[in-house]
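Enquirer: Here it is, the structure in full.
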Amino acid sequence: MEYTPQFSVVWGNIGLFIQGILLTLQITLSAIAFGLILGILGALGRTSGNAIANGIAVAYVEFFRNTPFLIQLFFFFFGLPSIGISMSSWQAAVLALAVNFGAYSTEIVRAGIEGINKGQVEAGMALGFKQLQIFRHIVIIPALGNIYPALVSQVVIAVLFSSVVSQISAEELTFVGNYLQSRTFRSFEIYLAISLIYVGIVWFIKAIAILIQKRFFAFTQYIN
Amino acid sequence: MQEFTLSQIIINLLIATKWTIALSAIAFVGGGIVGFIVMVMRISPNPIIKSISLIYIEFFEATPLLMQLFLVFFGLSILLGLNLSAWVAAAIALTTYSSAFLADIWRGSVEAVPSGQWDASRALGLSYFKQLQKVVLPQAVRMSIPPTVGFAVQVVKGTSLASVIGFIELTRAASSISNVTFQPFLVYSLAALIYFCLCFPLSLWSKRLEKQFSYAG
(Lines give C-alpha, C1' and ligand atoms only; values in the text may rest on other atoms or scores of the structure.)
Protein backbone atom coordinates (compact mmCIF):
# COMPACT_ATOMS: atom_id res chain seq x y z
CA MET A 1 0.00 0.00 0.00
CA GLU A 2 1.36 3.37 -1.01
CA TYR A 3 1.41 6.03 1.72
CA THR A 4 1.14 9.70 0.81
CA PRO A 5 2.34 12.07 3.49
CA GLN A 6 -0.07 14.94 4.11
CA PHE A 7 1.36 17.86 5.97
CA SER A 8 -2.01 19.58 6.28
CA VAL A 9 -2.22 17.96 9.72
CA VAL A 10 0.71 20.16 10.72
CA TRP A 11 -0.62 23.43 9.23
CA GLY A 12 -4.09 22.74 10.58
CA ASN A 13 -2.83 22.52 14.16
CA ILE A 14 -0.21 25.24 14.01
CA GLY A 15 -1.65 26.88 17.15
CA LEU A 16 -1.03 23.74 19.21
CA PHE A 17 2.53 23.52 17.92
CA ILE A 18 3.23 27.14 18.90
CA GLN A 19 1.78 26.49 22.33
CA GLY A 20 4.07 23.46 22.59
CA ILE A 21 7.13 25.51 21.63
CA LEU A 22 6.34 28.13 24.29
CA LEU A 23 5.81 25.47 26.96
CA THR A 24 9.09 23.77 26.01
CA LEU A 25 10.94 27.09 26.29
CA GLN A 26 9.25 27.86 29.59
CA ILE A 27 10.06 24.49 31.14
CA THR A 28 13.66 24.59 29.91
CA LEU A 29 14.31 28.17 31.04
CA SER A 30 12.90 27.52 34.53
CA ALA A 31 15.04 24.41 34.81
CA ILE A 32 18.18 26.20 33.63
CA ALA A 33 17.67 29.03 36.13
CA PHE A 34 17.44 26.60 39.06
CA GLY A 35 20.07 24.31 37.58
CA LEU A 36 22.61 27.11 37.26
CA ILE A 37 22.19 27.95 40.96
CA LEU A 38 22.79 24.28 41.79
CA GLY A 39 25.78 24.26 39.46
CA ILE A 40 27.36 27.31 41.11
CA LEU A 41 26.75 25.86 44.59
CA GLY A 42 28.21 22.54 43.43
CA ALA A 43 31.26 24.25 41.97
CA LEU A 44 31.79 26.21 45.20
CA GLY A 45 31.68 22.89 47.06
CA ARG A 46 34.16 21.33 44.62
CA THR A 47 36.66 24.19 44.99
CA SER A 48 36.10 25.04 48.67
CA GLY A 49 38.89 22.83 50.00
CA ASN A 50 36.40 21.43 52.52
CA ALA A 51 36.45 17.62 52.25
CA ILE A 52 32.77 17.17 53.18
CA ALA A 53 31.47 19.85 50.79
CA ASN A 54 33.69 18.45 48.06
CA GLY A 55 32.49 14.89 48.74
CA ILE A 56 28.82 15.88 48.56
CA ALA A 57 29.37 17.77 45.31
CA VAL A 58 31.30 14.88 43.74
CA ALA A 59 28.62 12.36 44.73
CA TYR A 60 25.90 14.64 43.30
CA VAL A 61 27.71 15.15 40.00
CA GLU A 62 28.71 11.53 39.46
CA PHE A 63 25.33 10.12 40.38
CA PHE A 64 23.34 12.35 38.03
CA ARG A 65 25.85 12.15 35.19
CA ASN A 66 25.92 8.35 35.26
CA THR A 67 22.20 7.55 35.35
CA PRO A 68 19.65 8.10 32.56
CA PHE A 69 17.49 11.21 32.69
CA LEU A 70 14.33 9.13 32.23
CA ILE A 71 15.09 7.16 35.41
CA GLN A 72 15.76 10.41 37.31
CA LEU A 73 12.44 11.76 36.08
CA PHE A 74 10.52 8.62 37.09
CA PHE A 75 12.26 8.66 40.45
CA PHE A 76 11.13 12.24 41.15
CA PHE A 77 7.61 11.81 39.79
CA PHE A 78 6.73 8.24 40.89
CA GLY A 79 9.35 7.48 43.55
CA LEU A 80 9.25 10.55 45.79
CA PRO A 81 5.45 10.55 46.38
CA SER A 82 5.78 7.12 48.00
CA ILE A 83 7.91 8.70 50.74
CA GLY A 84 5.47 11.57 51.07
CA ILE A 85 6.86 14.18 48.67
CA SER A 86 4.23 14.73 45.96
CA MET A 87 4.49 17.11 43.08
CA SER A 88 2.72 17.89 39.81
CA SER A 89 4.16 16.55 36.57
CA TRP A 90 5.24 20.10 35.72
CA GLN A 91 7.13 20.51 39.01
CA ALA A 92 8.74 17.08 38.69
CA ALA A 93 9.79 17.89 35.12
CA VAL A 94 11.42 21.20 36.09
CA LEU A 95 13.05 19.64 39.16
CA ALA A 96 14.49 16.68 37.23
CA LEU A 97 15.78 18.88 34.41
CA ALA A 98 17.24 21.37 36.90
CA VAL A 99 19.03 18.74 38.96
CA ASN A 100 20.41 17.14 35.80
CA PHE A 101 21.54 20.50 34.40
CA GLY A 102 23.06 21.36 37.79
CA ALA A 103 25.22 18.23 37.80
CA TYR A 104 26.73 18.96 34.38
CA SER A 105 27.12 22.68 35.03
CA THR A 106 28.91 22.01 38.35
CA GLU A 107 31.82 20.56 36.42
CA ILE A 108 31.68 23.34 33.83
CA VAL A 109 31.66 26.13 36.46
CA ARG A 110 34.37 24.38 38.48
CA ALA A 111 36.63 24.30 35.42
CA GLY A 112 35.94 28.02 34.98
CA ILE A 113 36.82 28.87 38.59
CA GLU A 114 39.97 26.75 38.50
CA GLY A 115 40.98 28.47 35.28
CA ILE A 116 41.20 31.84 37.04
CA ASN A 117 44.78 32.93 37.52
CA LYS A 118 45.63 33.17 41.26
CA GLY A 119 47.92 36.10 40.51
CA GLN A 120 44.89 38.12 39.40
CA VAL A 121 43.13 37.50 42.71
CA GLU A 122 46.28 38.62 44.54
CA ALA A 123 46.50 41.68 42.30
CA GLY A 124 42.89 42.48 43.22
CA MET A 125 43.74 42.19 46.93
CA ALA A 126 46.78 44.40 46.44
CA LEU A 127 44.55 47.02 44.80
CA GLY A 128 42.34 46.97 47.91
CA PHE A 129 39.30 45.19 46.39
CA LYS A 130 36.89 43.79 48.92
CA GLN A 131 36.30 40.00 49.06
CA LEU A 132 32.95 40.34 47.29
CA GLN A 133 34.36 42.66 44.62
CA ILE A 134 37.16 40.21 43.92
CA PHE A 135 34.64 37.38 43.65
CA ARG A 136 32.44 39.34 41.28
CA HIS A 137 34.91 41.14 39.01
CA ILE A 138 37.91 38.82 39.04
CA VAL A 139 36.45 35.38 39.64
CA ILE A 140 32.86 35.03 38.46
CA ILE A 141 32.56 37.29 35.41
CA PRO A 142 35.80 36.20 33.68
CA ALA A 143 35.05 32.57 34.64
CA LEU A 144 31.60 32.89 33.05
CA GLY A 145 33.21 34.24 29.90
CA ASN A 146 35.54 31.23 29.71
CA ILE A 147 32.87 28.60 30.30
CA TYR A 148 30.19 30.29 28.22
CA PRO A 149 30.51 28.03 25.13
CA ALA A 150 30.29 24.87 27.27
CA LEU A 151 27.25 26.25 29.09
CA VAL A 152 25.49 27.01 25.80
CA SER A 153 26.00 23.39 24.66
CA GLN A 154 24.52 22.27 27.95
CA VAL A 155 21.50 24.53 27.44
CA VAL A 156 20.95 22.94 24.02
CA ILE A 157 21.13 19.49 25.64
CA ALA A 158 18.57 20.64 28.24
CA VAL A 159 16.15 21.66 25.45
CA LEU A 160 16.52 18.24 23.82
CA PHE A 161 16.16 16.44 27.17
CA SER A 162 12.98 18.38 27.90
CA SER A 163 11.20 16.25 25.27
CA VAL A 164 11.52 13.31 27.68
CA VAL A 165 9.25 14.97 30.26
CA SER A 166 6.32 14.18 27.94
CA GLN A 167 6.60 10.70 29.47
CA ILE A 168 5.18 11.92 32.79
CA SER A 169 2.52 13.91 30.88
CA ALA A 170 4.13 17.28 31.41
CA GLU A 171 2.78 19.37 28.56
CA GLU A 172 5.34 20.62 26.06
CA LEU A 173 6.20 20.21 22.38
CA THR A 174 6.66 16.42 22.33
CA PHE A 175 3.48 16.00 24.36
CA VAL A 176 1.61 17.96 21.68
CA GLY A 177 3.08 15.60 19.08
CA ASN A 178 1.97 12.50 20.97
CA TYR A 179 -1.50 13.97 21.44
CA LEU A 180 -1.95 14.82 17.75
CA GLN A 181 -0.44 11.50 16.68
CA SER A 182 -2.93 9.57 18.78
CA ARG A 183 -5.84 11.46 17.20
CA THR A 184 -4.77 11.63 13.55
CA PHE A 185 -2.33 8.67 13.16
CA ARG A 186 -0.23 10.96 10.95
CA SER A 187 2.89 10.02 12.95
CA PHE A 188 5.47 10.56 10.21
CA GLU A 189 4.37 14.11 9.35
CA ILE A 190 3.91 15.17 12.97
CA TYR A 191 7.18 13.79 14.32
CA LEU A 192 9.14 15.09 11.33
CA ALA A 193 7.64 18.57 11.84
CA ILE A 194 8.44 18.46 15.55
CA SER A 195 11.99 17.29 14.90
CA LEU A 196 12.51 20.23 12.57
CA ILE A 197 11.00 22.59 15.15
CA TYR A 198 13.57 21.35 17.67
CA VAL A 199 16.31 22.03 15.11
CA GLY A 200 14.87 25.55 14.77
CA ILE A 201 14.81 26.10 18.55
CA VAL A 202 18.42 24.90 18.83
CA TRP A 203 19.53 27.27 16.04
CA PHE A 204 17.61 30.12 17.64
CA ILE A 205 19.35 29.52 20.99
CA LYS A 206 22.76 29.31 19.32
CA ALA A 207 22.10 32.59 17.45
CA ILE A 208 21.10 34.38 20.67
CA ALA A 209 24.13 32.88 22.40
CA ILE A 210 26.44 34.40 19.80
CA LEU A 211 24.81 37.82 20.27
CA ILE A 212 25.23 37.61 24.06
CA GLN A 213 28.83 36.46 23.63
CA LYS A 214 29.61 39.51 21.49
CA ARG A 215 27.86 41.90 23.86
CA PHE A 216 29.08 40.68 27.27
CA PHE A 217 32.04 38.37 26.88
CA ALA A 218 33.96 39.97 24.05
CA PHE A 219 36.79 40.61 26.55
CA THR A 220 37.61 36.89 26.85
CA GLN A 221 39.64 37.09 23.66
CA TYR A 222 42.01 39.50 25.40
CA ILE A 223 42.57 37.67 28.68
CA ASN A 224 43.40 34.26 27.26
CA MET B 1 -1.44 -12.46 43.22
CA GLN B 2 2.29 -12.91 43.27
CA GLU B 3 4.37 -11.09 45.87
CA PHE B 4 7.79 -9.82 44.86
CA THR B 5 10.60 -10.19 47.35
CA LEU B 6 13.58 -7.85 47.23
CA SER B 7 15.80 -10.51 45.68
CA GLN B 8 13.18 -11.25 43.00
CA ILE B 9 13.00 -7.55 42.13
CA ILE B 10 16.78 -7.38 41.82
CA ILE B 11 16.99 -10.59 39.75
CA ASN B 12 14.30 -9.36 37.34
CA LEU B 13 16.02 -6.01 36.95
CA LEU B 14 19.32 -7.73 36.26
CA ILE B 15 17.72 -9.98 33.62
CA ALA B 16 16.43 -6.85 31.88
CA THR B 17 19.88 -5.23 32.19
CA LYS B 18 21.10 -7.87 29.73
CA TRP B 19 18.95 -6.17 27.05
CA THR B 20 20.21 -2.71 28.01
CA ILE B 21 23.75 -3.97 27.49
CA ALA B 22 22.86 -5.73 24.21
CA LEU B 23 21.16 -2.63 22.79
CA SER B 24 24.05 -0.41 23.92
CA ALA B 25 26.56 -2.72 22.24
CA ILE B 26 24.61 -2.80 18.97
CA ALA B 27 24.16 0.96 18.96
CA PHE B 28 27.81 1.58 19.76
CA VAL B 29 29.25 -0.85 17.21
CA GLY B 30 26.68 0.05 14.51
CA GLY B 31 27.10 3.73 15.31
CA GLY B 32 30.86 3.33 15.09
CA ILE B 33 30.68 1.79 11.60
CA VAL B 34 28.17 4.32 10.22
CA GLY B 35 29.88 7.13 12.13
CA PHE B 36 33.23 6.31 10.55
CA ILE B 37 31.73 6.58 7.05
CA VAL B 38 30.00 9.86 7.98
CA MET B 39 33.27 11.20 9.42
CA VAL B 40 35.19 10.36 6.22
CA MET B 41 32.45 12.12 4.22
CA ARG B 42 32.60 15.09 6.60
CA ILE B 43 36.32 15.70 6.01
CA SER B 44 36.03 15.03 2.28
CA PRO B 45 37.29 17.77 -0.06
CA ASN B 46 34.11 17.32 -2.15
CA PRO B 47 31.60 20.02 -1.05
CA ILE B 48 28.48 17.96 -1.90
CA ILE B 49 29.58 14.88 0.07
CA LYS B 50 30.68 17.17 2.89
CA SER B 51 27.33 18.98 3.14
CA ILE B 52 25.34 15.72 3.09
CA SER B 53 27.23 14.55 6.16
CA LEU B 54 26.94 18.02 7.74
CA ILE B 55 23.14 17.91 7.43
CA TYR B 56 23.11 14.35 8.76
CA ILE B 57 25.15 15.28 11.84
CA GLU B 58 23.21 18.52 12.46
CA PHE B 59 19.84 16.76 12.26
CA PHE B 60 20.73 14.05 14.78
CA GLU B 61 22.55 16.41 17.13
CA ALA B 62 19.79 19.04 17.17
CA THR B 63 16.76 16.76 17.65
CA PRO B 64 15.84 14.86 20.80
CA LEU B 65 16.69 11.15 20.79
CA LEU B 66 13.09 10.47 21.81
CA MET B 67 11.87 12.18 18.62
CA GLN B 68 14.25 10.07 16.53
CA LEU B 69 12.87 6.94 18.17
CA PHE B 70 9.28 8.03 17.40
CA LEU B 71 10.20 8.89 13.81
CA VAL B 72 11.66 5.42 13.24
CA PHE B 73 9.12 3.43 15.23
CA PHE B 74 5.88 5.19 14.22
CA GLY B 75 6.95 7.29 11.23
CA LEU B 76 8.96 4.78 9.20
CA SER B 77 6.46 2.03 9.93
CA ILE B 78 3.68 4.09 8.38
CA LEU B 79 5.74 5.60 5.57
CA LEU B 80 7.24 2.34 4.33
CA GLY B 81 4.34 0.15 5.38
CA LEU B 82 6.73 -1.96 7.47
CA ASN B 83 5.90 -3.36 10.84
CA LEU B 84 9.08 -2.60 12.75
CA SER B 85 9.43 -4.26 16.12
CA ALA B 86 10.45 -2.09 19.06
CA TRP B 87 13.77 -3.95 19.13
CA VAL B 88 14.61 -3.16 15.49
CA ALA B 89 13.36 0.43 15.72
CA ALA B 90 15.40 1.07 18.86
CA ALA B 91 18.51 -0.44 17.27
CA ILE B 92 18.11 1.73 14.14
CA ALA B 93 17.42 4.95 16.04
CA LEU B 94 20.24 4.49 18.54
CA THR B 95 22.67 3.52 15.77
CA THR B 96 21.96 6.65 13.74
CA TYR B 97 22.08 8.78 16.89
CA SER B 98 25.46 7.33 17.94
CA SER B 99 26.85 7.58 14.42
CA ALA B 100 26.23 11.33 14.24
CA PHE B 101 27.90 12.05 17.59
CA LEU B 102 30.82 9.67 16.95
CA ALA B 103 31.35 11.20 13.49
CA ASP B 104 31.54 14.63 15.11
CA ILE B 105 33.93 13.48 17.85
CA TRP B 106 36.21 11.75 15.35
CA ARG B 107 36.14 14.69 12.94
CA GLY B 108 37.43 16.82 15.80
CA SER B 109 40.31 14.38 16.35
CA VAL B 110 41.19 14.22 12.65
CA GLU B 111 41.16 18.01 12.36
CA ALA B 112 43.39 18.26 15.44
CA VAL B 113 46.13 16.45 13.51
CA PRO B 114 48.40 19.24 12.20
CA SER B 115 47.79 19.98 8.52
CA GLY B 116 51.53 19.62 7.90
CA GLN B 117 51.00 15.87 8.28
CA TRP B 118 48.65 15.89 5.26
CA ASP B 119 51.06 18.05 3.26
CA ALA B 120 54.08 15.91 4.13
CA SER B 121 52.35 12.65 3.23
CA ARG B 122 51.09 14.15 -0.02
CA ALA B 123 54.64 15.25 -0.81
CA LEU B 124 55.68 11.62 -0.31
CA GLY B 125 53.26 10.69 -3.09
CA LEU B 126 50.55 9.00 -1.02
CA SER B 127 46.99 9.07 -2.38
CA TYR B 128 44.23 10.81 -0.37
CA PHE B 129 43.02 7.60 1.24
CA LYS B 130 46.58 6.39 1.92
CA GLN B 131 47.31 9.75 3.62
CA LEU B 132 44.24 9.25 5.76
CA GLN B 133 44.91 5.59 6.50
CA LYS B 134 48.67 5.56 7.05
CA VAL B 135 49.41 9.00 8.47
CA VAL B 136 46.41 10.93 9.81
CA LEU B 137 44.11 8.27 11.31
CA PRO B 138 46.79 6.56 13.46
CA GLN B 139 47.44 9.91 15.14
CA ALA B 140 43.76 10.87 15.35
CA VAL B 141 42.75 7.55 16.95
CA ARG B 142 44.91 8.24 20.00
CA MET B 143 43.19 11.55 20.62
CA SER B 144 39.71 10.19 19.97
CA ILE B 145 39.76 7.31 22.46
CA PRO B 146 38.91 9.23 25.69
CA PRO B 147 35.87 11.11 24.25
CA THR B 148 34.70 7.93 22.48
CA VAL B 149 34.68 6.01 25.77
CA GLY B 150 32.92 9.00 27.34
CA PHE B 151 30.24 8.85 24.65
CA ALA B 152 29.62 5.16 25.44
CA VAL B 153 28.11 6.44 28.71
CA GLN B 154 25.64 8.56 26.71
CA VAL B 155 24.70 5.51 24.63
CA VAL B 156 23.99 3.35 27.69
CA LYS B 157 21.85 6.14 29.18
CA GLY B 158 20.19 6.71 25.81
CA THR B 159 18.97 3.12 25.63
CA SER B 160 16.62 3.88 28.54
CA LEU B 161 14.46 5.85 26.07
CA ALA B 162 13.83 2.67 24.08
CA SER B 163 11.51 1.72 26.95
CA VAL B 164 9.11 4.40 25.69
CA ILE B 165 8.40 2.54 22.45
CA GLY B 166 7.96 -0.69 24.40
CA PHE B 167 11.36 -2.32 24.19
CA ILE B 168 11.83 -4.27 27.41
CA GLU B 169 15.14 -3.27 28.97
CA LEU B 170 16.10 -2.03 32.40
CA THR B 171 13.90 1.08 32.52
CA ARG B 172 10.86 -0.71 31.10
CA ALA B 173 11.33 -3.58 33.55
CA ALA B 174 11.61 -1.09 36.41
CA SER B 175 8.32 0.57 35.35
CA SER B 176 6.52 -2.77 35.12
CA ILE B 177 7.86 -4.02 38.46
CA SER B 178 7.04 -0.75 40.22
CA ASN B 179 3.49 -0.93 38.83
CA VAL B 180 3.06 -4.41 40.28
CA THR B 181 4.80 -3.92 43.61
CA PHE B 182 3.71 -0.32 44.33
CA GLN B 183 7.28 0.36 45.44
CA PRO B 184 8.44 2.95 42.90
CA PHE B 185 10.95 4.52 45.29
CA LEU B 186 12.78 1.23 45.85
CA VAL B 187 12.55 -0.05 42.28
CA TYR B 188 13.68 3.14 40.55
CA SER B 189 16.51 3.54 43.09
CA LEU B 190 17.71 0.02 42.28
CA ALA B 191 17.43 0.67 38.54
CA ALA B 192 19.40 3.92 38.94
CA LEU B 193 22.03 2.00 40.92
CA ILE B 194 22.38 -0.61 38.16
CA TYR B 195 22.77 2.12 35.51
CA PHE B 196 25.34 3.78 37.75
CA CYS B 197 27.31 0.53 38.00
CA LEU B 198 27.31 0.29 34.19
CA CYS B 199 28.20 3.92 33.49
CA PHE B 200 30.50 5.02 36.30
CA PRO B 201 33.39 2.66 35.42
CA LEU B 202 33.20 3.89 31.81
CA SER B 203 33.29 7.51 33.01
CA LEU B 204 36.29 6.83 35.24
CA TRP B 205 38.05 4.99 32.45
CA SER B 206 37.45 7.86 30.03
CA LYS B 207 38.80 10.36 32.57
CA ARG B 208 41.91 8.24 33.19
CA LEU B 209 42.61 7.85 29.47
CA GLU B 210 42.26 11.59 29.05
CA LYS B 211 44.90 12.19 31.73
CA GLN B 212 47.24 9.56 30.30
CA PHE B 213 47.07 10.99 26.81
CA SER B 214 47.45 14.58 27.95
CA TYR B 215 50.69 13.68 29.74
CA ALA B 216 51.94 11.70 26.77
CA GLY B 217 51.01 14.41 24.26
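Enquirer: Among the residues of region B:109-131, count how many are surrounded by 14 or more Cβ atoms within 10 Å (Cβ to Cβ), out of contact with any Ser or Thr (no Cβ under 9 Å at 6 or more places or on another chain) and either among the hydrophobic types (A, V, I, L, M, F, W, C) or at pLDDT 95 or above (or both).
Expert: Selection size over region B:109-131: 3.
Enquirer: Turning to a different aspect of this structure: Select, from B:Gly31, B:Gly75, the only residue that is in contact (Cβ under 8 Å) with a residue 24 or more places away in the chain, outside any loop (DSSP other than H, G, I, E, B), of a type in the set (Gly, Ala, Ser) and crowded, with 18+ Cβ neighbours inside 10 Å.
Expert: Result of the check over B:Gly31, B:Gly75: B:Gly31.
Enquirer: Counting residues that are in contact with a Phe, Trp or Tyr (Cβ under 7 Å, 6 or more places away or on another chain), within 14 Å of another protein chain (Cβ to nearest Cβ) and closer than 17 Å to B:Trp106 by Cα, which helices (runs of 4 or more DSSP H) fully inside region B:123-217 reach at least 2? Please lay out each step first, then the result.
Expert: Details: elements: B:137-158, B:170-181, B:184-216.
Fully inside region B:123-217 and qualifying: B:137-158.
Enquirer: If A:Phe188 passes every condition in (1) more than 8 Å from chain B (Cβ to nearest Cβ); (2) surrounded by 22 or more Cβ atoms within 10 Å (Cβ to Cβ); (3) modelled with pLDDT under 95 but one, which one does it miss?
Expert: Here A:Phe188 meets the rest and fails (1).
Enquirer: Would you point out which residue out of A:Ser169, A:Ser163 is closer than 21 Å to A:Leu29 by Cα and either at pLDDT below 90 or facing chain B (nearest Cβ under 10 Å) (or both)?
Expert: A:Ser163
Enquirer: Does A:Ile85 satisfy being β-branched (Val, Ile, Thr) and more than 14 Å from every other protein chain (Cβ to nearest Cβ)? Can you show your working first?
Expert: Working: β-branched (Val, Ile, Thr): yes; more than 14 Å from every other protein chain (Cβ to nearest Cβ): no.
No: the conditions fail for A:Ile85.
Per-residue answers, yes or no, for (1) within 13 Å of chain A (Cβ to nearest Cβ); (2) buried (at least 18 other Cβ atoms within 10 Å of the Cβ); (3) in contact with a Lys or Arg (Cβ under 7 Å, 6 or more places away or on another chain):
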| position | (1), (2), (3) |
| --- | --- |
| B:Leu69 | yes, yes, no |
| B:Leu79 | yes, no, no |
| B:Ile92 | no, yes, no |
| B:Leu102 | no, yes, no |
| B:Trp106 | no, yes, no |
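Enquirer: Which pairs do you get when a residue that is within 21 Å of B:Trp118 (Cα to Cα), found in region B:41-70, comes within reach of a residue that is assigned to a loop (DSSP other than H, G, I, E, B), reach meaning Cβ atoms under 7 angstrom, with the pair 6+ apart or on two chains?
Expert: Listed pairs, sorted by first residue: B:Lys50/B:Ser44.
Enquirer: Looking at B:Phe182, B:Phe167, B:Phe200 in this structure, which one is without any contact (Cβ under 8 Å) to a residue 40 or more places away in the chain and within 18 Å of the chain's Cα centre (by Cα)? Step through it out loud before you land on a result.
Expert: On the way: B:Phe182 fails: within 18 Å of the chain's Cα centre (by Cα); B:Phe167 fails: without any contact (Cβ under 8 Å) to a residue 40 or more places away in the chain.
B:Phe200 is the lone residue from the list that is without any contact (Cβ under 8 Å) to a residue 40 or more places away in the chain and within 18 Å of the chain's Cα centre (by Cα).
Enquirer: Next up: Checking the condition buried (at least 19 other Cβ atoms within 10 Å of the Cβ) and either closer than 22 Å to B:Val164 by Cα or within 14 Å of chain B (Cβ to nearest Cβ) (or both), which residue from A:Phe77, A:Phe63 passes?
Expert: A:Phe77
The values are calculated or read from the model by the stated rules, or taken from the named source; none is laboratory data. As the structure is a computational prediction, the values presented were derived from the model and not from experiment. When we count neighbours, we look across all protein chains shown, and the Cβ atoms used for this are built from the backbone with ideal geometry, even at glycine.
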